[in-house]
Amino acid sequence: MSMEGDEGNRDQSSREEWTLLFWTTLAVVVPVIITLWCSVQRSKRKIHMKDFFRKSKHGWHCTDLFNKPTYCCVCQQHILQGAFCDCCGVCADETCLRRADRSLVCKEIMAPSQTDGTLEHHWVRGNVPLCSVCAVCKEQCGNQPKLCDFRCVWCQTTVHDDCKPSLSDGERCELGEFRSLIIPPHYLHLVNKLRRRHPDEYSKLASACGSGWTPVLVLANTRSGNNMGEALLGEFRTILNPVQVFDLSELPPSKALQLCTLLPPGSVRVLVCGGDGTVGWVLDAIDTMKLKGQDQFIPRVMILPLGTGNDLSNSLGWGSGYAGEIPVEQVLRNLLEAEVVKMDRWKVQVASKGLYFRKPKVLSMNNYFSVGPDALMALNFHTHREKTPSFFSSRIINKLELDGERVALPSLEGIIVCNIGYWGGGCRLWEGMGDEPYPPTRLDDGLLEVVGVFGSFHCAQIQVKMANPVRLGQAHTVRLVLKTSRMPMQVDGEPWAQGPCTITITHKTEAFMLYHSAEQTDDDDESSISEAESSAPHDSPKPAGPASARA
C-alpha cells in the first residue's frame, strides 16, 4: 500500500508540474502572440493610412493627442486623437476620416477667380485658433464647448456663426495681412492658361495681385533643429498657398526654385528654414539657375536658423537659432521689413600634391574655410590625434599668400579664412576682444579675413573672449600650401581629412540676402549699439593696400 501511495503522490506531483508548466507557457506565449499580432496590424494600418494620405488632396497628419480642445468636423464630437490637415485645418477622428476627405474641400493651390477677379472666402467650421476675434462683433470666437464658428483658410478671418451673414465684404477674400506674400490660386490658374510663357506676361498678371507683391517660397529642412522643420512646414502651409512650401527631404532646392520662373522677375523671396549647410545647398541651387540663364528670376534669401551654430544667420541679423520663441506670423512680418544686401560667395579649390592628372576638388564657401584644430573639432578626429600626435607637433602651413604676397607666419597650428563676421557658433572672430584697431568686415566687399590660431586651447580662449586670434590680413585671393602631413579641413562646417595640397580661394559670385536690423531700445548701452553697428553690412569700403598693411 505504501508503494502504491508513493506512486500516486508522484503522479499527482507530476500532473501538477505539467499543469504549472502549461499555464506558465500560456502566460508567456499568449501576450507575445497578442503583441506580435497588434504590431502586424499596426504596421498594416500604418501602410494603409500612408497610402490613403498619399492619394488625398488634404495634408493629413495623425496625432495621438490634440494640443487643444478639438472637435471632429464631420460628426462634431469631441476628439482626443485623430487626424488634421495642416493646410486647411480640418480635423476628424479615424472613423470619419474618409468621409471628411470626400466631403470637405482643402485649399486649392490653383483655381479660377470670381467674375470680378477676386477670391472667394474658403470657410472651415470649428477649431478656430485660440484667442481668435470675430471680424464683425470683435468678441472672442471658439469659446463654446462644441464645433462652432468659422475661419477662412486664406485670409485667416474668424467669425461667429451668427455674425457670418453680416460680414462687410460678403464672400470676398483679400488674403489678409500677408496678401503680399501669398501666391493666389487664380494667379497660377492664369499662368497655366498662358500661351506664351514670358516674364512680361507674368508682370502683367502680377498687377492683379496688388502693388508691392513679393511672393515668398518656404524651403525647410525637416532634419534640422530637432525636427522642428516639419512643424514649421505645417504652420506656413496654413498661412500661405501650400504650393509655396517645400520639404527639402522630399524635393531638392533646384526643383523647388523652378517656381521662381513662373513669377515676376526679381519679386520672389525665399525663406530657408535650416542650418548653414541648408542655406549653402539653396545658394548652390541659385547658382545653377544663373548657369541656366535665369538670372532675372534670382530670389532674395532669408534665413530662419534651426539647430545650433548658424553663423551666417547671426551675421545677417537673424540670430543663432530658432526654437519657436516667436510665431511664424512674426517671422513673415520680419521678412516683409528686411533689407536686401549682397553677400560674397567663394570658390575653394583643393589641388592634391602629386596628383596632377586628377581634377582639383572644388567647393563653394559662404562662411569660412579652416585647416587645423578648428576643423579637427568638426571632424571629430580626437582618436586620430591620440594616435598621430605629429598632427600638431609643428607648423602645418608651409606657405600663405594673400593677393599674391607671401605672409610671414609665426608657429601656428591652424588657419581660418572668414567671409562673415561670426565664427564658431557666435564668436566675432576678426574683431576679437576689441582691444586693438582693425578694419571692419563686410559681406559684399570681395575681401576675406585671414587669422591664425596656436591650437585648440587658443580656439577655446577666443570663443570665450579671453584671447585674440593672430590677424594675418584681408585679401581678395588666398593661397595656402600644406606640408606633407594629413590634416583635417572644413568648409562651412563640412569636414574632411586632406593630404599635402595647395588651397586657392577666389571670389565666385554674389548672392542677394535679406538682412534684419533689430531695433535698439533706450535702455541699450553703447557697447551693444556699437556691436550691432559692426555686425551690419557697412556702406564704406574697406581700406585698400597690401595685405600685410591691412593685417
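The values are calculated or read from the model by the stated rules, or taken from the named source; none is laboratory data. Nothing here was measured: the structure is a model prediction, and the numbers come from that model. We place every Cβ from the backbone using ideal geometry, glycine too, and count neighbours over all the protein chains shown. Keep in mind that these areas ignore ligands, DNA and RNA; they rest on the heavy atoms of the full protein, side chains included. Shrake-Rupley method; radii C 1.70, N 1.55, O 1.52, S 1.80 Å.
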Give the percent of DSSP beta bridges with both residues in region 111-176 that are antiparallel, rounded to the nearest 5. 90 percent
Between Rg and the Kirkwood Rh of region 180-337, both from Cα atoms, what is the Rg to Rh ratio? 0.96
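Output the pairs from LYS50/LYS193; LYS255/LYS347; LYS255/LYS465 with a Cα-Cα distance over 31 Å in this structure; if there are none, say none.
Working: LYS50/LYS193 33 Å; LYS255/LYS347 23 Å; LYS255/LYS465 43 Å.
Where the Cα-Cα span goes over 31 Å, the pairs concerned are LYS50/LYS193; LYS255/LYS465.
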Got a sec to turn the phi values of region 293-303 into Karplus ³J(HN,Hα) couplings, 6.51 cos²θ - 1.76 cosθ + 1.60 with θ = phi - 60°, whole Hz, x for Gly and Pro? x, 9, 4, 5, 9, 4, x, 9, 10, 10, 10
Efficiency of FRET from Cβ geometry, GLU16 and LYS255, R₀ 56 Å, rounded to 0.05: 0.20
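What number, rounded to the nearest 500 deg cm²/dmol, is the helix-based mean residue ellipticity at 222 nm of the chain, given -39500 (n - 2.57) per DSSP H run of at least four residues and division by all its residues? Before the final figure, lay out the partial values.
Numbers: 14 runs with 160 residues, N = 551.
Result for the chain, helices only: -9000 deg cm²/dmol.
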Cα extents of region 111-176 along the three principal axes, largest first, in whole Å? 38, 21, 17
How large is ³J(HN,Hα), in whole Hz, for each residue of region 439-451 in order, when computed from phi with the Karplus curve 6.51 cos²θ - 1.76 cosθ + 1.60 and θ = phi - 60°, using x for Gly and Pro? x, x, 9, 9, 7, 10, 9, x, 10, 10, 9, 10, 10
Label points 7 Å out from Cα along the Cβ direction at GLU329 and GLN349: separation in nm? 5.3 nm
LYS138 and SER103 label points (each 7 Å along its Cα→Cβ direction) are spaced in nm at 3.7 nm
Tell me the carbon and sulfur percent of the accessible area for the chain, rounded to whole percent, probe radius 1.4 Å. 52 percent
So, for the chain, what is the accessible surface per residue at a probe of 1.4 Å, expressed in square angstrom? 51 Å²
Counting only residues 5 or more places away or on other chains, whose amide H sits under 5 Å from the amide H of MET487 once H atoms are built in the peptide plane? GLN498, GLY499
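Given R₀ = 41 Å, FRET efficiency for LYS361-LEU80 by Cβ-Cβ distance, to 0.05? Show your work: numbers first, answer last.
Details: r = 55 Å, r/R0 = 1.33.
After rounding, the FRET efficiency stands at 0.15.
Show me the ranking of peptides 359-372, 504-517 by mean Cβ neighbours inside 10 Å, starting with the highest.
Details: 359-372: 20.4, 504-517: 17.8.
The packing order, highest mean first, is 359-372, 504-517.
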What residues qualify as long-range amide H neighbours of ILE298, i.e. H under 5 Å apart, gap of 5 or more or another chain, H built at 1.01 Å from N? GLY266
Which lysines have a Cα less than 26 Å from the Cα of LYS353, not counting those fewer than 8 places away in the same chain? LYS361, LYS387, LYS399, LYS483, LYS508
Charge-dipole axis of the chain as Lys and Arg at +1 and Asp and Glu at -1 on Cβ define it, positive-most pick from LEU21, PHE53, LEU175: PHE53
Do any trypsin sites (Lys or Arg not before Pro) in region 242-344 lie in a loop, going by DSSP, with at most 15 other beta-carbon atoms within 10 Å of their beta carbon, and if so which? LYS292
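What is the ratio of the Cα radius of gyration of region 45-189 to 2.2 N^0.38 Å, where N is its residue count, to two decimals? Spell out each step's value before the answer.
Values: Rg = 15.8 Å, N = 145, 2.2 N^0.38 = 14.6 Å.
Taking N as the residue count of region 45-189, the ratio is 1.08.
Quick one: putting +1 on the C-beta of Lys and Arg, -1 on the C-beta of Asp and Glu, what dipole do you get for the chain around its Cα centre, in Debye to the nearest 20?
Working: 57 positive and 63 negative charges, 533 e Å.
Dipole size: approximately 2560 debye.
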Stokes-Einstein translational diffusion, region 126-244 - Kirkwood Rh over all Cα pairs, 1.002 mPa s, 20 °C, in µm²/s: 129 µm²/s
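Could you tell me which GluC sites (Glu not before Pro) in region 222-254 are loop residues by DSSP with no more than 15 other beta carbons within 10 angstrom of their beta carbon? Don't skip to the answer; put the middle values down first.
On the way: sites: GLU230, GLU235, GLU250; in loops: GLU250.
The qualifying sites are GLU250.
Given the chain, what whole percent of its Cα pairs are spread farther than 42 Å? It would help to have the intermediate numbers written out before the result.
Working: 59205 of 151525 pairs.
More than 42 Å apart: 39 percent of the Cα pairs in the chain.
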For region 273-285, take each phi angle, set θ = phi - 60°, evaluate the Karplus expression 6.51 cos²θ - 1.76 cosθ + 1.60, and give the result in whole Hz per residue in order, putting x for glycine and proline. 9, x, x, 4, x, 5, 4, x, 4, 5, 5, 5, 5
Long-range amide H contacts for ASN398: which residues qualify at under 5 Å (H placed 1.01 Å from N, peptide plane, sequence gap of 5 or more or a different chain)? VAL481, LEU482, LYS483
Once the dipole of the chain is set up from charges on Cβ (+1 Lys and Arg, -1 Asp and Glu), the residue from the list TRP213, THR506, SER132 lying farthest towards its positive end is THR506
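In the chain, what percentage of the DSSP-assigned beta bridges are antiparallel, given to the nearest 5?
Details: 70 of 86 bridges.
In the chain, approximately 80 percent of DSSP beta bridges are antiparallel ones.
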